[in-house]
Every structure is written in C-alpha cells, then in structure tokens.
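Beneath this line is the structure, given in structure tokens, with notes to follow.
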Amino acid sequence: MRYLAVALPFSALALTVSVSAQDEDPQVAQGRQVFEHMCAPCHGQGPGDDGSAMLPGTAALAEKYDGTRPGALELRSDLSAPVLSLFVRRGVGAMPAFRASELPDDDIAAVAAYLAANAAAAGQ
Ligand code: HEC
C-alpha cells in the first residue's frame, strides 16, 4: 500500500506528460527536437559542462541585453522565422552559420514556432 501511494503520483505525472506531448502541434514538436539537437548545446537554460553558470549563447545574450530581454532563446517571444533565419544563416559573433543542407528553412520555421509556444507557456 505504501508503494502504491508513492507510485501513483508518478504515474499520474507520466500520463499528463504523454497526453500533452500528443496534443502538441506537430510543427512545435519538430521545433523542440531541432532546438534541443542544434541550438540547446549553446542556448539551453542549464549550466555549462565546464562549471560555468550559463551556456555560451545564453551567457552572451544575457550580457548583450543586460536584463532587458532574457538570455535564453526559449523565453523570447520576439524571434519570428525571418528574424531567426537572418541570424542562423549568417551566424553572429561566436555562433556559426548554418547552411540549408544542415538546417532547412522548414526547421527554422519549426524552431520559431517552438520558441513562440514555449515563451507563451512561460508567460513571456
Ligand atoms: C556554438 C554555439 C551556438 C550554437 C550551436 C547556436 N548558437 Fe545562436 N548564438 C550563439 C552565441 C554565442 C550568440 C551571441 C552572439 C553575439 O551576439 O555575440 C548567439 C546568438 C543567436 C541569436 C541572436 C539573438 C539576438 O537577440 O541577438 C539567435 C537568434 C540565435 N543565436 C539562434 C540560434 C539558433 C536558432 C540555433 C540553433 C539552430 C543556434 N543559435 C545555435 C551561439 C550558438
């Protein structure tokens, strides 16, 4: 009985997560996957592997905007697909440019949709 009481909240949580993943817009789901794979190593919200408090993209943007915008892209609501394309295709500062063969326009649009959905969910 004691085990059941411990296990139940976890199974309820798992159910909520899988239901919301199924409800997710397919473009947002695609964007989440692309972001996690191609962008989060520099723009994620966690600390760096080397013990630094922020990942390099997040740290550079936090410094650039100095509190006027979040350093984490996932909290930004101002990055439409055309704006993202501009930065992603040209590269900026320490960020490399991504060619269409590595990151198609469709994936950039999906990342924009994911960032917008995520920022909205985070109340930004
Ligand atoms: C190798 C690390 C790295 C990767 C990978 C990377 N970025 Fe960046 N990105 C940076 C850094 C560092 C900056 C800040 C550059 C500067 O302004 O000096 C930046 C800046 C940006 C900016 C500019 C935002 C602004 O307001 O100035 C955007 C947009 C952006 N990145 C999007 C992306 C997306 C989308 C991806 C994934 C497809 C990505 N980046 C992958 C390191 C990275």
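Determine, yes or no, whether Phe10 is of a type in the set (Phe, Trp, Tyr), modelled with pLDDT under 60 and either in a helix (DSSP H, G or I) or open to solvent by 60 Å² or more (accessible area, probe 1.4 Å) (or both).
Spelling it out, Phe10 is indeed of a type in the set (Phe, Trp, Tyr), modelled with pLDDT under 60 and either in a helix (DSSP H, G or I) or open to solvent by 60 Å² or more (accessible area, probe 1.4 Å) (or both).
For Thr58, work out the one condition from (1) open to solvent by 70 Å² or more (accessible area, probe 1.4 Å); (2) part of a helix (DSSP H, G or I); (3) within 11 Å of the ligand (Cβ to nearest atom) it doesn't fulfil.
(1)
Can you find, within region 75-97, the residue that is most open to solvent (accessible area, probe 1.4 Å) among those that are over 15 Å from His43 (Cα atoms) and not hydroxyl-bearing (Ser, Thr, Tyr)?
Arg90
Tell me whether region 23-31 contains one or more residues that are assigned to a helix (DSSP H, G or I), at pLDDT below 95 and open to solvent by 70 Å² or more (accessible area, probe 1.4 Å).
Yes - at least one qualifying residue is present in region 23-31.
Would you check which residues across region 67-108 are among the hydroxyl-bearing types (Ser, Thr, Tyr) and touching a residue at least 12 places away in the same chain (Cβ under 8 Å) and list them?
Ser77, Ser80, Ser85, listed by residue number.
Give me the residue from region 39-55 that is part of a helix (DSSP H, G or I) and either open to solvent by less than 40 Å² (accessible area, probe 1.4 Å) or in contact with an Asp or Glu (Cβ under 8 Å, 6 or more places away or on another chain) (or both) and, out of that set, farthest from the ligand (Cβ to nearest atom).
Ala40
The values are calculated or read from the model by the stated rules, or taken from the named source; none is laboratory data. Because the structure is a prediction, the values reported are computed rather than measured. All Cβ positions, even for glycine, are placed from backbone atoms using ideal geometry, and neighbour counts span all protein chains on display. Please note that ligands, DNA and RNA were not included when accessible areas were found on the heavy atoms of the full protein model with its side chains. Shrake-Rupley method; radii C 1.70, N 1.55, O 1.52, S 1.80 Å.
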